[in-house]
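A.B. asks: Please find one structure pasted underneath; my questions will follow.
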Amino acid sequence: MALDPRDRDVVAAQLGRPPRGARAVAHRCPCGLPDVVETNPRLPDGSPFPTLYYLTCPRAVRAVSVLESAGLMREMSARLAEDPDLAARYRAAHERYLRRREEIAVVPEIAGVSAGGMPTRVKCLHVHLAHALAEGPGVNPFGDEVRERIGAWWSEGPCVAPPTDEE
């Protein structure tokens, strides 16, 4: 599976480079453009790539970066260590992430490795937001929280110029 050429062009504009290993749009922003892509577990050069869901919208990326800079990952990791229910939901998100990736391809080099620190710590909130957007509410508790905290990143309209029918 590969990205539609129009979506590939949008994602390339969002990232400022061609996407690597992108196989499908996993979520669309309310403006209609892709904001999360699903990637192949192995890149075209053969490298294993554990990040299944990749956040592409530069506005969403910036909003999440602000949360990371403010120390939210440290706070979330502390809560994870203190709350067994939260830890169980986070572990379930990790297991679901692994199952979905293995539906695409089994890559022995990354077996058991998901992303964003799952299941024992929290790092890279971009991954958690991408996971939450791709899989929907209730799957990744930290992704849901990030989604709530960043607000309507799309409110100013598309982050890049959408392709026209002539393109």
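The values are calculated or read from the model by the stated rules, or taken from the named source; none is laboratory data. Every value quoted in this text rests on a predicted model; they were computed, and no experiment measured them. Counting neighbours? That spans all protein chains shown, and the Cβs are built from the backbone with ideal geometry, glycine included. SASA here: full protein model, heavy atoms, side chains in, ligands and nucleic acids out. Shrake-Rupley method; radii C 1.70, N 1.55, O 1.52, S 1.80 Å.
A.B. asks: Please compute the contact order of the stretch 1-152 in relative form: average sequence separation of alpha-carbon pairs under 8 Å and at least six residues apart, divided by the residue count, as a percent. Walk me through the numbers on the way to the answer.
C.D. replies: Details: 233 pairs, mean separation 31.9, N = 152.
Across the stretch 1-152, relative contact order equals 21 percent.
A.B. asks: Remind me, what semi-axes does the chain give for its equivalent ellipsoid, largest first in whole Å, using sqrt of 5 times each Cα gyration tensor eigenvalue?
C.D. replies: Semi-axes from the Cα gyration tensor: 26, 20, 12 Å.
A.B. asks: Continuing with this model, one more query. Considering only protein heavy atoms and a 1.4 Å probe, what is the carbon-and-sulfur percentage of the accessible area of the chain?
C.D. replies: Details: 4260 of 8290 Å².
With neighbouring chains kept in place, the figure for the chain is 51 percent.
A.B. asks: Please work out whether the stretch 32-101 counts as rounded, prolate or oblate from its C-alpha gyration tensor, where a ≥ b ≥ c are the square roots of the eigenvalues and a/c under 1.5 means rounded, while otherwise a/b larger than b/c means prolate and anything else oblate?
C.D. replies: oblate
A.B. asks: Probe of 1.4 angstrom, ligands and nucleic acids ignored: what's the accessible area per residue over the stretch 57-159, in square angstrom?
C.D. replies: It amounts to 50 Å² per residue over the stretch 57-159.
A.B. asks: When the Cα atoms of the stretch 96-155 are enclosed in a convex hull and the volume is divided per residue, what value in Å³ results?
C.D. replies: Looking at the stretch 96-155, the number lands at 92 Å³ per residue.
A.B. asks: Stick to Cα atoms and the Kirkwood definition of Rh, then tell me Rg/Rh for the stretch 1-65.
C.D. replies: My calculation of the ratio gives 0.95.
A.B. asks: What ranking, highest mean first, results for peptides 67-75, 9-17 when packing means the other Cβ atoms within 10 Å averaged over each residue?
C.D. replies: Highest mean packing first, the order is 9-17, 67-75.
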